[in-house]
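Written below as structure tokens is the structure these notes are about.
The values are calculated or read from the model by the stated rules, or taken from the named source; none is laboratory data. Only a predicted model underlies this, so the values are computations on that prediction, with no experimental measurement involved. For neighbour counting, all protein chains shown are included, and Cβ atoms are generated from backbone atoms with ideal geometry for every residue, glycine included. In case anyone asks, the SASA skips ligands and DNA or RNA and just uses the protein heavy atoms, side chains included. Shrake-Rupley method; radii C 1.70, N 1.55, O 1.52, S 1.80 Å.
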Amino acid sequence: MIKQLRTQIGMSQAQLADALGVSQSLITHWETGRRQPSPQLALKIVSLARKHHQKITMESLYAHHAEAA
């Protein structure tokens, strides 16, 4: 879900990491399902996605992560 969102808004992993104040390796962990974002970072992801006119909720972000694991 995060990779799909990131590509839809036209950001690289490095750009998303910079926008969220995290490392690029953390973005990779999220995208591969090894980790999930904290609630605070999930809120930032949702906010960023909405600024780019993407429809997403925190619930859908976490639900998709649970399905991938």
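Inside the range 29-40, can you point out the residues that are touching a Phe, Trp or Tyr at 6+ places or on another chain (Cβ under 9 Å) and either open to solvent by less than 40 Å² (accessible area, probe 1.4 Å) or closer than 15 Å to residue 19 by Cα (or both)?
Passing the criteria: only 37.
Enumerate the pairs (first residue in the range 12-41 and more than 21 Å from residue 59 (Cα to Cα) and without any contact (Cβ under 8 Å) to a residue 60 or more places away in the chain; second residue anywhere and in a loop (DSSP other than H, G, I, E, B) and open to solvent by less than 50 Å² (accessible area, probe 1.4 Å)) with beta-carbon separation below 8 Å, excluding pairs fewer than 6 apart on the same chain, so at least 6 apart or on different chains.
19/11
Going residue by residue through the range 50-59, is there one that turns out to be in a helix (DSSP H, G or I), surrounded by fewer than 16 Cβ atoms within 10 Å (Cβ to Cβ), out of contact with any Lys or Arg (no Cβ under 6 Å at 6 or more places or on another chain) and of a type in the set (Lys, Arg)?
yes
Cβ-Cβ below 7 Å, separation at least six or inter-chain, first residue in the range 45-65 and more than 9 Å from residue 9 (Cα to Cα), second open to solvent by 80 Å² or more (accessible area, probe 1.4 Å) and modelled with pLDDT of 80 or more: which pairs?
From residues that are more than 9 Å from residue 9 (Cα to Cα), the pairs are 58/43; 62/36; 65/36.
Exactly one condition in (1) touching a helix residue (DSSP H, G or I) at 6+ places or on another chain (Cβ under 7 Å); (2) surrounded by 13 or more Cβ atoms within 10 Å (Cβ to Cβ); (3) modelled with pLDDT under 95 is not met by residue 65; state its number.
Among (1) touching a helix residue (DSSP H, G or I) at 6+ places or on another chain (Cβ under 7 Å); (2) surrounded by 13 or more Cβ atoms within 10 Å (Cβ to Cβ); (3) modelled with pLDDT under 95, residue 65 violates only (1).
What's the number of the only condition in (1) within 9 Å of the chain's Cα centre (by Cα); (2) surrounded by fewer than 16 Cβ atoms within 10 Å (Cβ to Cβ); (3) at pLDDT below 90 that residue 3 fails to meet?
(3)
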